[in-house]
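In what follows, a single structure is set out as structure tokens and then discussed.
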Amino acid sequence: MSVKYDPIVYKDGVRYFHRFSIHQRIQHVVLFSSVLVLAITGFPLRHASEPWARPIYELVGGHQYAPMIHRIAGSVLLALFIYHTIYWMVLFYRNDIGKLRRENNLTLRNVGKAFLTQEMVPNKKDLRDVIHSWKYLLYFTNRPPRYDRMSWREKFDYFAPYWGIPVLGPAGVILWWHNEVSHAAPGIVMNAAYIMHTDEALLAILFIFFVHWYNVHYAPEKFPAARVWLTGYLSEAEMIHEHYNDYVKVMIEAGLENEIKPQHFGGEKYEW
Amino acid sequence: MVKRIKKIIFKVYVVCLMTFTVWYGYFMYPLIFGFEGKEAAGLSLEKAVFSGSKEEKIFQQMAAEKVKERKKTDLGYRLIDQPYIQGRFHHIGFTLQQDKANICMRCHGNAPHTESKEIRAFLNMHSFYLACEACHSVPGDGEPPWQFRWYDKNTGKLSGNPRAILEIEDSYKQLQTNTENPVYGDYGLKISPVTTESGKASLLHNEKDMAMVEEYIAERDQLSADEKTERNNAIHRKMSESPVACKACHRGEEPYLPLADLGYPPTRLGELINSPIVAMLRKYDEFHMPDMMKPAQEREK
Amino acid sequence: MRSDGLIKLIILTVVMIMLYGQDTVVLAEDRIDCLICHKYRGLSRVDEQGNFRLFYINNDLFMNSPHRRNECYECHTDIKEIPHDKVDKVDCTQQCHIVEPSGDRYFSHKTIAETLAKSAHGKLDADGNPKPHQEDYPGCKDCHDQPLYRPLSAFKGEAKHGVSMRSISRCKSCHESGNFAKDFYEHVTSRLHKTRFSLEITEVCAKCHQDPEFMKRHELDDVITTYKHTFHGKMLEMGSERTADCIDCHVVEGENNHLIESKDVVTSSIHKDNVGRTCMASDCHTNASPNLAGFQTHVTYDREKYPLQFYMLVFFKALMALVMYFFLALIFFELMRRLFPKFAFFKDNTPHHFADLGEQDQQDKEDKS
């Protein structure tokens, strides 16, 4: 967090805009690798009676090792969840509460307000953007919505695991330590945990392998893969396409007001 | 130009992705709303297929012979995969292969002999590796003797002599105690008479006859009694009144089936002529029960 | 016709001796005699009921079974002559010639039949009256086919036939004669794990307990499907041999496996007073509390029987369907939008530059400040 990133860098004459710090990128790598491991060691078990289940399960360790691998990956994911929670709290404290304190404005109301303006917290604009994007998609307007630093879809993508892990994780822990849990809770808790774990996991898998992968892999402009998770920087064209408001803001802050390009329209410049 | 091609590729890609999206929607549906009921659906389907009116006895027979289920027994060091026959206690240990190529089997089933009580099981054993025509169809007067060849039970294609038949010789040599038996008979092939037309050999009953049988089965319910008889006669035109006698093959000199040419090794040939069963039957034939070796139709006469 | 049979037998014996030569002594009516015919694979017929009957005996597999020391006629007692007529069904409860080695009585499966009669699968109820649908209650063969030895091999790499010849050679240094060492080795090592793979046990139970007609007649739930939805069932499918199958839970630990009792019987392993102990059986959930038994194993997602599970399931399925189909539609339309990028019903012709923020963007600004 102490590392300062240039908001704009140039490479081969193209402007790149800073999106994710190395810290965040590492968190993402840990997140997706543990989720992939969890999916491959968990999904065959969910559909154990299907003919493909056993060969895949055998490939990832079989009944002897796959559960252990699953639990290790699950622990990593839970740890990451806790770490990430602390991470944004620290960021919030440093950037916003610290500022309020310096300005002697530290009231509950102000803290609440500051929280609501965090880049990941959904706000009224997101609701309007949802409606706007449907209007755009159904050809009612030719102007795509102008997103801020985080669009509503990215926020949803973010909250999918951020809601999913607290549902899946504890349920998984209950199933893992079923013998110990039975001393403290009735057996039906295991039934509840079982349903939570399997069905929420299915949602996560369905979502990641279609919606999220569409956003970063299948979409024509991203195919075969987006690179922002590696470099942390987004090209100018993508920035204009996806975060026009933020693009304008960053350009003004960098004093490049005269070089701001107009918003893409109906894909006229933005194809392959 | 390049831009145009790019644009077309782009549009094709987008359309493909749209199709993928729709497919994903279908794919997800059972995942989200569960797999439940799949087994039950399978069971009820089986019930529907295997139930039939009593008049359709032949069809019931065939249904009974169809291997409905398989049974796997995992011994840890060996997996026994065999057909499941209800009520059977002893293990089978091999696959019962249906003869899909022979036209007779379409109606008479794979174990067609039911009448002669004493020998029906033995006769059915023969239909494991002999086509019906091998015994029940003999050349007419003046016709040259049949040629015999092996054919594949699945595809009906003519084939060379089975390799497995040669291995019988070795398995005899490997026997150490008299409690062991060489196991043979599972070649996936059957012997059938063949006709040769312009140098090309084909089964006595070819695809045309099979088509005739299929048509008859499909239309049977709509046919009158007379029409049925007529069609039946047409289908059975190459069959002879009385079958080839057991002795015709189970003898040393000039067996009816050219066993040696069909690949039978010496030990097996010797057994075919001198097996205890054959000897036993021969004795009956000669001294005691002359009728036993004859099929039922002949006995009634 | 008795004399007829006798003549057959005499002829057969003569033939045998003639064929096998003088150095091989063939006793009439041992298995070799039967196999003269029954070794042929296609020996079969369709019986009067339309059932396919195969008369082939796989001697190789038979020699791998605990019954291998019995001759055919010891079970098929009505066969006295060769060739023989239709054969009666085998009565497993009859006494056979083998002396049970731990005692001095002749071996019989009678006690097992008696145990079965006391269990939920017995044909009579507690008062001795026949239960309805008599034909649905199982006999030996409904669950058992010929048992086969499945021995553990103590030495790695000698798992062929599940027998470690090195182990047997150690036995044989004292127990020299005959097959004694091999028989006992296989007998004991087969018992060191389950004689039948657990998945096969569930298949055996499924024969009746997953038959829709049967379940309807006896008002039973589909316990097989629901079992397969539990972790026990899933681990079995994945090949685990250390997971509970039907018998592990439905028989009191240490009790005869044939004593499966209804949950209403006080001695039953799944009676509400005992089920906690059943889960905590040795090798299973030993360090759990009896609470664990509160886990509802055979959950059918029936709204009345299992409301919690039902509503949770509905919630998650609804959530899944909502989220997924919303995004699917979104992506579909977005792709469609790309096909005709320039088209729109209402065109917004204001210049699209940051300097000319539209009305909405003004509002955005207000929101943020």
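The values are calculated or read from the model by the stated rules, or taken from the named source; none is laboratory data. Because the structure is predicted, anything quoted here is derived from the model rather than measured. Neighbour counts are summed over all protein chains in view; Cβ atoms, including those assigned to glycine, are modelled from backbone coordinates with ideal geometry. Quick note on the areas: whole protein, heavy atoms, side chains included, nothing else; ligands and nucleic acids left out. Shrake-Rupley method; radii C 1.70, N 1.55, O 1.52, S 1.80 Å.
What to note about this one:
- On the basis of the beta-carbon distance and an R0 of 22 Å, A:TYR10 and A:LYS222 show a calculated FRET efficiency of 0.50.
- The trypsin sites (Lys or Arg not before Pro) of the stretch B:211-254 that DSSP puts in a loop, and whose beta carbon has at most 11 other beta carbons within 10 Å, are B:ARG237.
- Surface burial for A against B, with a 1.4 Å probe and both sides summed, reaches about 1400 Å² of accessible area.
- Accessible area (Å², 1.4 Å probe, nearest 10) - A:TRP176: 90 Å²
- Here is the interface size for C with B: some 6800 Å² of accessible area buried, both sides summed, with a 1.4 Å probe.
- Inter-chain Cβ neighbour count for B:86-98, averaged per residue, equals 6 (cutoff 10 Å, partner chain atoms only).
- Take the protein assembly as shown with all the other protein chains still there, run a 1.4 Å probe, and you get 56 Å² of accessible area per residue.
- Alpha-carbon Debye profile of the stretch B:136-269, log10 I(q)/I(0) at 0.14, 0.16, 0.20 Å⁻¹: -0.83, -1.00, -1.28
- Solvent-accessible area lost on pairing A with C (1.4 Å probe, both sides summed) amounts to about 6400 Å².
- Chain A: angle of helix A:244-253 to the longest principal axis, Cα-based, in degrees nearest 10: 60 degrees
- Residue among C:HIS109, A:ALA193, C:ILE98 farthest towards the positive dipole end of the protein assembly as shown, charges placed on Cβ: A:ALA193
- For chain A, calculated [θ]222 nm from helices alone, where every DSSP H run of n ≥ 4 adds -39500 (n - 2.57): -19000 deg cm²/dmol
- Taking the Cα centre of the protein assembly as shown as reference, the dipole from Cβ charges on Lys and Arg (+1) and Asp and Glu (-1) amounts to some 3320 debye.
- Per residue Cα convex hull volume in Å³ - calculated over the stretch C:99-168: 153 Å³
- Solvent exposure, largest accessible area first (probe 1.4 Å, DNA, RNA and ligands not counted), of C:ILE32, A:ILE240: C:ILE32, A:ILE240
- With eigenvalues of the C-alpha gyration tensor scaled by 5 and rooted, the protein assembly as shown, Å: 72, 38, 26
- The stretch C:309-350 - Debye-derived log10 I(q)/I(0), Cα point model, q = 0.21, 0.22 Å⁻¹: -0.73, -0.76
- Compactness of the stretch A:107-215 is given as radius of gyration and Dmax, 19.4, 61 Å, from Cα positions.
- Projected over all directions and averaged, the alpha-carbon convex hull of chain A occupies 19.7 nm².
- Accessible area per residue (1.4 Å probe, heavy atoms of protein chains only) ranks C:LYS89, C:LYS141 as C:LYS89, C:LYS141, with the largest value leading.
- Counting only Cα atoms, the stretch A:139-272 measures 69, 31, 31 Å along its principal axes, largest extent leading.
- For C:PHE346, the accessible surface of its heavy atoms amounts to roughly 130 Å² (probe 1.4 Å, protein chains only, rounded to the nearest 10).
- The largest-to-smallest principal axis extents of the Cα set in the stretch A:1-64 are 54, 27, 16 Å.
- For the protein assembly as shown, with all protein chains in place and a probe radius of 1.4 Å, 60% of the accessible heavy-atom surface sits on carbon or sulfur.
- Annotation note: GluC sites (Glu not before Pro) in the stretch C:259-352 located in DSSP loop regions with a Cβ neighbour count of at most 14 within 10 Å are C:GLU304.
- For B:LEU166, the shell of other residues with beta-carbons less than 13 Å away shows a net charge of 0, using +1 for Lys and Arg and -1 for Asp and Glu.
- Cβ neighbours within 10 Å from other chains - mean over C:229-242: 5
- Restricting the trypsin sites (Lys or Arg not before Pro) of the stretch A:120-161 to loop positions (DSSP other than H, G, I, E, B) with no more than 16 neighbouring Cβ atoms within 10 Å leaves A:ARG149.
- FRET efficiency for C:HIS187 and C:HIS84, using Cβ-Cβ distance with R0 set to 30 Å, rounded to 0.05: 0.45
- Approximating the spin labels as points 7 Å out from Cα along Cα→Cβ, the B:THR195-to-C:PHE343 distance works out to 6.5 nm.
- Per-residue surface analysis assigns C:HIS67 an accessible area of about 40 Å², computed on protein heavy atoms at 1.4 Å probe radius.
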